[in-house]
Amino acid sequence: MRQDLFYIPHEWLGVPVFGAGWLLILWAIAGATLLAYLWRRQGWNADTRSYVPLLVLMGLLIWLVLPRLEDISDVGSSAGLPIRGYGVMLLLGVKGRSLDEHQGMLVTPAKAYFSVRERAVFDIQVPEALKLFKATHGNGPRSHDEFMAQIIEANQIQLPELAAGQRYVYDPEKEELQVERPAR
């Protein structure tokens, strides 16, 4: 399941990238530049000082935490920081429905995202494509196959993935797409 997309190298030009290295140097320069800009623009007031804890905290994370996230190769040296193709990338894919039974501060926004995305398909994309079809042809699709070909495929609508045993069914009389669930 886990796939390494690429590695950020451990060091560049003989200096470590993470820890007391390039990234920390760049962060210190960016932070100093930001503080100098704010100081010059508005003076050394409470707003300018409020940036200092965030800048220091990020510096500490770069210095102390990021080096510990690097992969160690079989030889014992650092292979660098892996950038992996899972986690949020997977959440943004088809796997969103697997979160339904979970709760929490991180899961709830992801569930809301998938819910809104699915509602947009059923409440906006499909009805608008159906309106255009009816305006062009004078009536709605007459069968499930015609609906899938002329509405879904022709408009490149991505229907949400259904749970095992469920399937999409178009009702020509009601002119709506429904989800058929297996009998319990």
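The values are calculated or read from the model by the stated rules, or taken from the named source; none is laboratory data. This is a predicted model, so every value here is computed, not measured. Heads up, the Cβs are rebuilt from the backbone with ideal geometry, glycines too, and the neighbour counts pull from every protein chain shown.
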TODO: Could you tell me whether the stretch 108-125 includes any residue that is of a type in the set (Lys, Arg), loosely packed, with under 13 Cβ neighbours inside 10 Å and at pLDDT 90 or above?
DONE: no
TODO: Would you check if Ser77 is surrounded by fewer than 15 Cβ atoms within 10 Å (Cβ to Cβ), modelled with pLDDT under 80 and assigned by TED's automatic domain parsing to the domain that holds Glu161?
DONE: no
Open item on the list: Contact list please: Cβ distance under 9 Å, first residue in the stretch 142-170 and in contact (Cβ under 8 Å) with a residue 40 or more places away in the chain and within 13 Å of Gln125 (Cα to Cα), second residue surrounded by 13 or more Cβ atoms within 10 Å (Cβ to Cβ) and acidic (Asp, Glu), pairs at least six apart or on different chains.
Closed with: Pro160/Glu118
Task: Total residues in the stretch 128-138, condition of a type in the set (D, E, K, R) and either in contact with a helix residue (DSSP H, G or I) (Cβ under 8 Å, 6 or more places away or on another chain) or within 16 Å of Glu118 (Cα to Cα) (or both) - done: 1
Task: Residue satisfying all of: in the stretch 139-170; at pLDDT 90 or above and of a type in the set (Asp, Glu); nearest to Glu118 (Cα to Cα) among these - done: Glu153
Task: Answer residue from the stretch 1-48, given it is among the charged types (D, E, K, R) and part of a helix (DSSP H, G or I) and is surrounded by the most Cβ atoms within 10 Å (Cβ to Cβ) among those - done: Asp47
